[in-house]
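The values are calculated or read from the model by the stated rules, or taken from the named source; none is laboratory data. It should be emphasised that the depicted structure is a prediction, and the values quoted were computed from it without experimental measurement. Every residue, glycine as well, gets a Cβ built from its backbone with ideal geometry; the counts of neighbours run over all protein chains shown. Accessible surface areas use protein heavy atoms only, side chains included; no ligands, DNA or RNA. Shrake-Rupley method; radii C 1.70, N 1.55, O 1.52, S 1.80 Å.
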Amino acid sequence: MTNEKAPQQLKDRIRAARRAAEGDPFLVGFDANGIQELITASSRPVAMCGASAMVSAFDTWARDRPGSIFGGGGRGVWLVEGSSAADMARDTLVREYADRTHGGVLACATARLDPARESDSLALLRLRLKNAKDEAPPPRVPLPRSRAEQCAYCRVRAASTTRRPPGAEAHSICARCDDSVERGGTRARTRHEQGQTLEDLALGGRVAAIAADGNSMGVFFAEVGSLMEMAAASQVVDAVFRGAHEAALSEIPEAPRISLVTGGDDILLFLAPDFLLDYVTLLAQKVHEQTRASSGLVTLLGDKLRSSLQRVGIGVGAVVAPFHYPASRLLEYAHDYEKSAKSICRGGDGARSAFDLAVLTSGNELTQGRQHCWAEEIPGAKWSDLRRRASALADIPASQLARLIGTGDLDDVERRNLFRYQVARSAPWQKWFQQIGRDWRSRSQVDEALPDERLVCLAGLERQRQRCAGSRAHG
Ligand SMILES: [Zn+2]
């Protein structure tokens, strides 16, 4: 966004597109259906990276075409001349996306652009595109005739080729998984990322899966009043979220990660769990920072859009779980927690950004559904205080903490009695009270400080972080 030439370049591009279509300007809007499903179709992180590279390659192709107004994350708008050119453009886009993603579905809609009422034309395009998304056909999937023909990676499509990873046995897999793995490998090599499996990121046998996306985006895009604003707004949003994600990771360069940024305001990644809390805190901070930008493409936004941009935040969901769980399930779970985080961000007085997390320890939890829900506003004083208290809790034996939040064997009165008993007899607990500025001798202050599930959950991660900071520094 700091690119000084960007506003002029965008103006020039839109002027040229307008001129080329001035006889009878038509908008062609497109938005890929089921990108998340496409990316997580194979549980192998390398294939997920490859699938997101497929979408990026489509983006580049669509953006570089004459008449392109903007494009990214499987979405975009073209401007063409005449209704038959619009129909042709739609067919080309749908075919190209399907070819590049092995049957992926692109929703497309067209609308005549009335230069005197651009905002109305864009609203019509948005409405038609929404309907097209709802009515889009299911993806074309080559199904296996028997289990033996099933792709060993996605377990859905028919296998059509054989892949033999170094040092492993050969697998029969489908064309899409084969292409995904190939592209994922190339991407990892060019980015010098070593981790290609979740095991490479795991610490204490666990990884963190994170899903995040923008809050108040609908409100923001509803303010778009012209073609220029739409193009600028889309690129600004892309830059805010991509920029925040990259800036957050650059402050924890040593953190092992597999990043699957999908474009626009969507973020998906796997991270070593000891960096999770730092990443999430940094991500929200950076999103808030980046929305304050006032240079580059932001200068093309009207006052309403600019002030709306400054209210955009992020909802982040994460799950920390054993690395051998299927990666696609982990991301599905992270999505559930993202929704929970976003639920406290709605309405005028909701949080701007929020986080929700689950730590899964035993094998059954994936099938038992949601364990808890405690969305918390991030960043800010309350979040910092929570992290500070959690960090100080790291010295308390995990078994004591587990007892306090209970597995249902203690009622509230018994839990409080147990807590007072532990505090009165344990030096680490008394130290904790000192660290959080409370008096362990005061019954009311002890009652107030009784740790809840959220605090204990964060304490587990902080304990791991402190331990790892020590061992990573020494090894
Ligand atoms: Zn497959």
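On the stretch given as segment 162-186, residues that are more than 10 Å from the ligand (Cβ to nearest atom) and polar (S, T, N, Q) total 2.
Taking the conditions (1) touching a Lys or Arg at 6+ places or on another chain (Cβ under 9 Å); (2) open to solvent by 10 Å² or more (accessible area, probe 1.4 Å); (3) part of a helix (DSSP H, G or I); (4) without any contact (Cβ under 8 Å) to a residue 60 or more places away in the chain in turn, Gly71 satisfies each one other than (3).
Conditions tested, residue by residue: (1) modelled with pLDDT of 90 or more; (2) open to solvent by 10 Å² or more (accessible area, probe 1.4 Å); (3) not in a helix (DSSP H, G or I).
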position	(1), (2), (3)
Ser307	yes, yes, no
Tyr325	no, yes, yes
Ser328	no, yes, no
Leu331	yes, no, no
Lys339	yes, yes, no
Cys345	yes, yes, yes
Gly348	no, yes, yes
Ala358	no, no, yes
Gly363	no, yes, yes
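Within segment 160-180, how many residues turn out to be of a type in the set (A, V, I, L, M) and open to solvent by less than 30 Å² (accessible area, probe 1.4 Å)? Adding up the residues that qualify gives 1. The single residue among Arg465, Arg454 that is open to solvent by 30 Å² or more (accessible area, probe 1.4 Å), in contact with a Pro (Cβ under 9 Å, 6 or more places away or on another chain) and under 29 Å from Ala354 (Cβ atoms) turns out to be Arg465. The test for being open to solvent by 60 Å² or more (accessible area, probe 1.4 Å) and either at pLDDT 95 or above or of a type in the set (Asp, Glu) (or both) does not hold for Arg126.
Residues of segment 8-24 being open to solvent by 20 Å² or more (accessible area, probe 1.4 Å) and under 29 Å from Leu309 (Cα atoms), which ones? Hits for segment 8-24 are Gln8, Gln9, Lys11, Asp12, Arg13, Arg15, Ala16, Arg18.
Note on segment 103-130: residues that are among the aliphatic types (A, V, I, L, M) and assigned to a helix (DSSP H, G or I) total 7. Would you pick out the residues in segment 132-152 that are open to solvent by less than 80 Å² (accessible area, probe 1.4 Å), over 18 Å from Ser83 (Cβ atoms) and outside any loop (DSSP other than H, G, I, E, B)? Residues satisfying the conditions are Lys133, Glu149, Gln150.
Would a scan of segment 229-246 turn up a residue that is under 25 Å from Arg44 (Cα atoms) and open to solvent by 30 Å² or more (accessible area, probe 1.4 Å)? Checking segment 229-246: at least one residue is under 25 Å from Arg44 (Cα atoms) and open to solvent by 30 Å² or more (accessible area, probe 1.4 Å).
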